[in-house]
Amino acid sequence: MDTTTVRHPEDGGSIFGHRPGLFVLFFTEMWERFSYYGMRVLLVVFLVDVAFGDTPWERADALALYGIYTGLVYFTPMIGGILADRLLGYRKAVVLGAFIMTLGHAAMAFETSGLFYTGLALLIIGNGLFKPNISSIVGQLYDKDTERKDGAYTIFYMGINAGAFLGILLCSYYGENPNYGYGYGFGLAGIFMLIGLIQFWFAQDIFGDIGLSPRQTRELEASKSDVTESRAVEPEGFTVDASLAPVDAEEDFTPSVGGDDDGQRALIWGGIGFAVAAVFYFLIATFAEPQANALQTFSREFMPPIILGAVVGFVGWIVADKSLKKVERDRVWSIIVFSFFIIFFWWAFEQAGGSMTIFALDYTERNLTGEGATYFRIANTAITVIPVVVLTWVLFKLFSITFKNYSLSNIVLGLAFVIIWILIGNMLYEQFTEAAPEVPAGWFQIFNSLFIICFAPAFAKLWERKISFLRRGPIKFALGLTLLGLGFAILAIGSLSIPDGAKTASVSMFWLIAAYLFHTLGELCISPVGLSYVSKLAPVRLVGLMFGVFFVANFIANFAAGLTGSYIDEIAEAVGLSGFFGIFAAVPITAALIFIAISGWMKKMMHGIE
């Protein structure tokens, strides 16, 4: 019987049946998501509104930069995960990533072009170190408690959405408010990222041996081994057979990541990927019209060939592994197919920070008077105060267990909530005292997080009921794509009254809120299901690599979202804004129909995995 345990100094108490260490991670991730979504909600609005105190950017340029930034944010976690696995350890990676992101937000708060670009680069690098590794600590925290792991990740996911909710709410209000300015919004993102860093740093001993660097782990295991040997006593009546060869403690019995030809395959498929990228670039450079500036050239001419070549090389290297058995290879192909179709989902979904923000900024009636203003004040107060009351209650539960041993971390966390309550109180006071409050353009993005919090338990129950036609992954994916398409169909209908090529309009905010509802319902069908199927289908030795394929899919989708959104003006002039959003309705629904059509083939390729 294995009696090995991982040291958990906080084992004496629990919150909702879970370790207090989980809630340290919960709040750390909450502040990081506050900073990420708080900055993201302002990025496009800042560029098309004021930029750097000079001429505001064209929409195409702002959305192109948005696509490059959000795409790279999903690329660097692959590198950050490797660095943590082999060098830094998860805890150091989280701390370093948080520190780098804090510097990035601080740089952007100055609103100068040089520091702005520097800040974006730091955020991309820092996110790569932070994002994958804090999730790894959650997994290790429940490594020997698998029955509660799903519940732990659900709580952690709620922290993600709580941070996104607060970041979008407060950064959009203070950043877009002319009485404060964008520097305040970017600055708030940096302040709470710093708070998350400090809170984690002073509470990290709560994780015991979890998340240490490989060197620290080896030293710890060696010290434990020395203690064990010093206490070892040969039982009476037994002798050790000297003819038995000793086991090498450093010998690795785990399977290799691939076959013996990994390096050779990497060279071959790297060359093929490079050739594909070169040919694609030649075609674009030959037949495409000259771009307006360097940003558009990089976004529209260089990035697509780089992405296509990288995907061809990466996927080819995986499927050409001769050590894969037929069932394994078929399941790997099914993951690749899932990843391909998820690109269409996130490509459309990520319009939230791009073209949908433009729609909120320039085409939605946000100046409210009379009963409309009253309803907005009441609704905004309820959806703001209730979640923060719940989070404050969780905070006090954490205090009751950990304050004695981690008082400084708790004080910093408590101070953060004091600041949150002050910011919320001031926001609500100003909105109630204004005759005609203006709804920030970024405010509408809070509905994604709000709807997830409201509907996630219902979807979890729906999957547990094991309805026959919903048991198959492709059907769930198709449902998610269809719901997303319906959300954009609603936006397309709401845009019918806007003349072709119009730069401004004042349509009802109902259309945006309804679209976010359907988008969120689609996300609940796609996101958790996709991650679950990767873990089920991937060969054990390739689990990490196949999750990397999913990261690549998100990278492609986020970049493509910004690139497509950058054509909003050209498409709107040709077919109207309704036609523009109609594209994002038609493509996901078409993809859903194709996925349903191949679902039988997919079932065969999955070899019994439902």
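Looking at the stretch 88-101, is at least one residue in a helix (DSSP H, G or I) and aromatic (Phe, Trp, Tyr)? Within the stretch 88-101, one or more residues are in a helix (DSSP H, G or I) and aromatic (Phe, Trp, Tyr).
Which residues, taken from the stretch 555-588, are of a type in the set (S, T, N, Q), closer than 14 Å to Gly71 by Cα and open to solvent by 20 Å² or more (accessible area, probe 1.4 Å)? The answer is Thr564, and nothing else. When Gln431, Gln445 are screened for being crowded, with 20+ Cβ neighbours inside 10 Å, more than 25 Å from His18 (Cβ to Cβ) and out of contact with any strand residue (DSSP E or B) (no Cβ under 6 Å at 6 or more places or on another chain), only Gln445 passes.
Taking the conditions (1) aromatic (Phe, Trp, Tyr); (2) at pLDDT 90 or above; (3) open to solvent by 20 Å² or more (accessible area, probe 1.4 Å) in turn, Phe403 satisfies each one other than (2).
Which of the following residues is over 28 Å from Gly370 (Cα atoms), basic (Lys, Arg), surrounded by fewer than 22 Cβ atoms within 10 Å (Cβ to Cβ) and in contact (Cβ under 8 Å) with a residue 24 or more places away in the chain: Arg472, Arg465? Answer to the selection: Arg472.
Checked across the stretch 289-296, the condition of being modelled with pLDDT under 90, assigned to a helix (DSSP H, G or I) and open to solvent by 30 Å² or more (accessible area, probe 1.4 Å) holds for at least one residue. Val50 fulfils the conditions (1) closer than 30 Å to Thr402 by Cα; (2) surrounded by fewer than 21 Cβ atoms within 10 Å (Cβ to Cβ) except for a single criterion, (1). Close Cβ contacts (under 7 Å, 6 or more residues apart or on different chains) running from residues in the stretch 194-210 that are part of a loop (DSSP other than H, G, I, E, B) to residues that are among the polar types (S, T, N, Q) comprise Ile210/Gln140.
Within the stretch 102-115, restricting attention to residues that are among the hydrophobic types (A, V, I, L, M, F, W, C) and in a helix (DSSP H, G or I), the residue that is farthest from Cys171 (Cα to Cα) is Leu115. Pairing each residue of the stretch 39-61 that is touching a residue at least 40 places away in the same chain (Cβ under 8 Å) with any residue that is charged (D, E, K, R) and buried (at least 23 other Cβ atoms within 10 Å of the Cβ), provided the two are 6+ apart or on different chains, yields C-beta distances under 7 Å for Val45/Glu176; Val48/Arg59.
The values are calculated or read from the model by the stated rules, or taken from the named source; none is laboratory data. All figures in this text were calculated on a predicted structure; none of them were measured in a lab. Positions of Cβ are generated from backbone atoms using ideal geometry, with glycine treated the same way; all protein chains shown enter the neighbour counts. Only protein heavy atoms, including side chains, enter the accessible area calculation; ligands, DNA and RNA are left aside. Shrake-Rupley method; radii C 1.70, N 1.55, O 1.52, S 1.80 Å.
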